[in-house]
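Novice: Let me give you the structure first, and then I'll get to my questions.
The values are calculated or read from the model by the stated rules, or taken from the named source; none is laboratory data. These numbers were taken from a predicted model, which means no experiment stands behind them. Cβ: placed from backbone, ideal geometry, glycine included. Neighbour counts: every protein chain shown. SASA here: full protein model, heavy atoms, side chains in, ligands and nucleic acids out. Shrake-Rupley method; radii C 1.70, N 1.55, O 1.52, S 1.80 Å.
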Amino acid sequence: MVKISTMMMPTYSKRYVSLIFSLLLFNDAFAREGLKVAVAGLSHDHVHPLLSAYQRHEVDILGIAESDQALIRRFQARYKLSDTLFYSTVDEMLQAVRPDVVLAYNAISEHVKIAEACLPLKIPLMVEKPLAINNEQAQRIAALSAAHGTAVYTNYETTWYPSNQALKQMADGGALGTLKKVIVKDGHQGPKEIGCSEAFLSWLTDPEKNGGGALIDFGCYGANLMTWLMKNQRPLAVTAVTRQLKPAVYPNVDDDATIILEYKGGVTGIIQASWDWPYSIKDIQVYGEDVSFHANRR
């Protein structure tokens, strides 16, 4: 049985590189020779730690599929990337190179096309969170993964924070008693406010390419963490409220969202996702009958 898995690729280079290698370390050859990757897109700012790792000879990049010439020139100047690395499309790239894994750093709406190129060739794929902009695309990727027996990973970085791993172990070990409530807070001052690149912003704030705003960008972390803590149990009810607190900055998408999840047994999940926090936050609070745990990103 093939499962769509979650995998962390944080913005901290050392942990990022160690987790890239964990993608395929079930094969000893990768541990001996190093991971050979291909890159689909450069418009997601999470690509920078990977390229920094490439400069340090910690990972081998065989090819980069990107059609934006201005973006290519900018990355070439910063990371000293050879012209021979670049291809116009993923299909063209995979005709020329055969990587151990393809890592996607582009609009969420484009994940399904990359999956259609990689999975029939049995090349594993990692995409930035979330997996897709809608259920139709998500099911298409899942079907391709199952049909070709090839893994797809989604970068939900908060799963692998040491603090969240410790919290999960404590909860599974019975330290909480009966789980009653979970509050997940994710977000920052806003992608424009914290200096995300124009290439990133061009699709991150486009509802057709990203699927939404803060609801998608940060609400997905809470959904992933709740599913993990609830051991894949599906909620009985979902209520969501989205708002535009800064319509002049983000006129086309929500910038603040609250999601309430109700589970069997009275467990409640509250997900607070926002581009309007006064600072960056990725915290989770878990409540039992007589005790609570609070994990921050550190």
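Novice: With the requirement that a residue be basic (Lys, Arg) and in a strand (DSSP E or B), what does the stretch 255-278 give you?
Specialist: None - no residue of the stretch 255-278 is basic (Lys, Arg) and in a strand (DSSP E or B), so the list stays empty.
Novice: Now for a different question. Inspect all residues belonging to the stretch 226-243 and state whether any of them is hydroxyl-bearing (Ser, Thr, Tyr), open to solvent by 20 Å² or more (accessible area, probe 1.4 Å), without any contact (Cβ under 8 Å) to a residue 40 or more places away in the chain and under 23 Å from Val112 (Cα atoms).
Specialist: yes
Novice: Does the stretch 139-197 hold any residues that are under 20 Å from the mean Cα position of the chain (by Cα) and free of Cβ contacts under 8 Å to residues at least 60 places away in the same chain, and which are they?
Specialist: Listed by number, the residues that qualify are Gln139, Arg140, Ala143, Leu144, Pro162, Gln165, Lys192, Gly195.
The rows are residues; the columns are (1) assigned to a helix (DSSP H, G or I); (2) within 17 Å of Gly63 (Cβ to Cβ); (3) of a type in the set (A, V, I, L, M, F, W, C).
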| position | (1), (2), (3) |
| --- | --- |
| Val112 | yes, no, yes |
| Pro120 | yes, no, no |
| Gln139 | yes, no, no |
| Tyr153 | no, no, no |
| Asn164 | yes, no, no |
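Novice: Out of all the residues in the stretch 63-73, which are under 14 Å from Val90 (Cβ atoms) and surrounded by 17 or more Cβ atoms within 10 Å (Cβ to Cβ)?
Specialist: Scanning the stretch 63-73 gives Gly63, Ile64, Ala65, Glu66.
Novice: Which of the residues belonging to the stretch 194-215 are polar (S, T, N, Q) and open to solvent by less than 10 Å² (accessible area, probe 1.4 Å)?
Specialist: Asn210
Novice: Specify the residue that is nearest to Ile194 (Cα to Cα); the eligible residues are those in the stretch 238-254 that are of a type outside the set (Val, Ile, Thr) and not in a loop (DSSP other than H, G, I, E, B).
Specialist: Per the criteria, the residue is Arg243.
Novice: Quick test for you: out of Gln272, Gln285, pick the one residue that is of a type in the set (S, T, N, Q), open to solvent by 50 Å² or more (accessible area, probe 1.4 Å) and either at pLDDT 95 or above or more than 22 Å from the chain's Cα centre (by Cα) (or both).
Specialist: Gln272
Novice: Then there's this: In the stretch 44-60, how many residues are over 20 Å from the mean Cα position of the chain (by Cα) and either of a type in the set (S, T, N, Q) or open to solvent by less than 10 Å² (accessible area, probe 1.4 Å) (or both)?
Specialist: Looking only at that region, the number is 1.
Novice: Can you name the residue in the stretch 198-223 that is in a loop (DSSP other than H, G, I, E, B) and under 14 Å from Asp276 (Cα atoms) and is also nearest to the chain's Cα centre (by Cα) among such residues? If you could, list the steps in order and put the result at the bottom.
Specialist: So the first thing to find is which residues in the stretch 198-223 are in a loop (DSSP other than H, G, I, E, B), and the list is 205-206, 211-213, 218.
Next, only the ones that are under 14 Å from Asp276 (Cα atoms) stay: 213, 218.
Values: Gly213: 15, Phe218: 10 Å.
This residue is Phe218.
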